[in-house]
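> Please find one structure pasted underneath; my questions will follow.
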Amino acid sequence: MNQWRQYVFLERNWHDSWSPMRGLVTKQYKLICNYRPEAGYLPSLDIRDSPSFSEIERLLRENSAHEQLGWYSLEKLPRFELYDLERDPNERDNLAAEPGLRGILESLMHRLGNEMKKTADFLPPPLNAFPDWVKGTIDPLDGRRSN
């Protein structure tokens, strides 16, 4: 009998484009925590210098890029990304700010934090890294204070 994982832990660390992220993927959801959202999308240098990426940049400049390439031009990433992989397999609709999914978001953040502690991650777990958001005083998508 196969035993399936409850989730897969993912991370991004890179020496030439510092934009760390951590995340979890379950059967239904994907959580991504961007630890440097203000940097936008930063490709590694080997991608940045490639002919393929040059073509993507050309298409973006000419406004002729397919909508799926739009995230390459983001100047700021959301701090949190939550996708329902069953309903949105292409990860187009970020549900992190949906009030009805806050419990799922926090549950995934707890799982992620436990995994980060278990692996002695150098980054703080998301619920500790972004305490203002947890208290409900910061909007998780744009960082603005709520009243």
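The values are calculated or read from the model by the stated rules, or taken from the named source; none is laboratory data. All values reported here derive from a predicted model rather than from experimental measurement. Here the Cβ positions follow ideal geometry from the backbone for every residue, glycine too, while neighbour counts run over all protein chains shown. For the accessible areas, the whole protein counts, side chains as well, though only heavy atoms, and no ligand, DNA or RNA atoms are used. Shrake-Rupley method; radii C 1.70, N 1.55, O 1.52, S 1.80 Å.
> Using a 1.4 angstrom probe, figure out how much accessible area the range 72-128 has per residue, in square angstrom, rounded to the nearest whole. List each step's numbers first, then the result.
On the way: 3390 Å² over 57 residues.
I get 59 Å² per residue for this part.
> Follow-up. How many nm separate the modelled label positions at Leu123 and Gln28, each set 7 Å beyond the Cα in the direction of the Cβ?
2.5
> Pull up the cross-link candidates among the aspartates and glutamates for Lys117, meaning alpha carbon to alpha carbon under 19 Å and not fewer than 8 places away within one chain.
Glu11, Glu106
> Another one. Got a sec to turn the phi values of the range 28-38 into Karplus ³J(HN,Hα) couplings, 6.51 cos²θ - 1.76 cosθ + 1.60 with θ = phi - 60°, whole Hz, x for Gly and Pro?
9, 10, 10, 10, 10, 10, 8, 8, 9, x, 5
> Provide the gained length on full extension for the span Asn63 to Leu85, in nm with one decimal, where the gain is 0.36 nm per separating residue minus the Cα-Cα distance.
Values: separation 22, 0.36 × 22 = 7.92 nm, distance 2.82 nm.
5.1 nm is the gain from fully extending Asn63 to Leu85.
> When you count, for each residue, the other Cβ atoms within 10 Å and take the mean per peptide, how do 94-107, 75-88, 24-37, 48-61 rank with the highest first?
Numbers: 94-107: 14.1, 75-88: 16.7, 24-37: 18.6, 48-61: 12.2.
With the highest mean Cβ count within 10 Å placed first, the list reads 24-37, 75-88, 94-107, 48-61.
> Counting only residues 5 or more places away or on other chains, whose amide H sits under 5 Å from the amide H of Leu85 once H atoms are built in the peptide plane?
Hits under the 5 Å cutoff: Tyr29, Lys30.
> May I ask you to compute the full-extension gain from Asn13 to Ser44, defined as 0.36 nm times their residue separation minus their alpha-carbon distance, rounded to one decimal in nm?
On the way: separation 31, 0.36 × 31 = 11.16 nm, distance 1.02 nm.
The Asn13-Ser44 span can extend by a further 10.1 nm.
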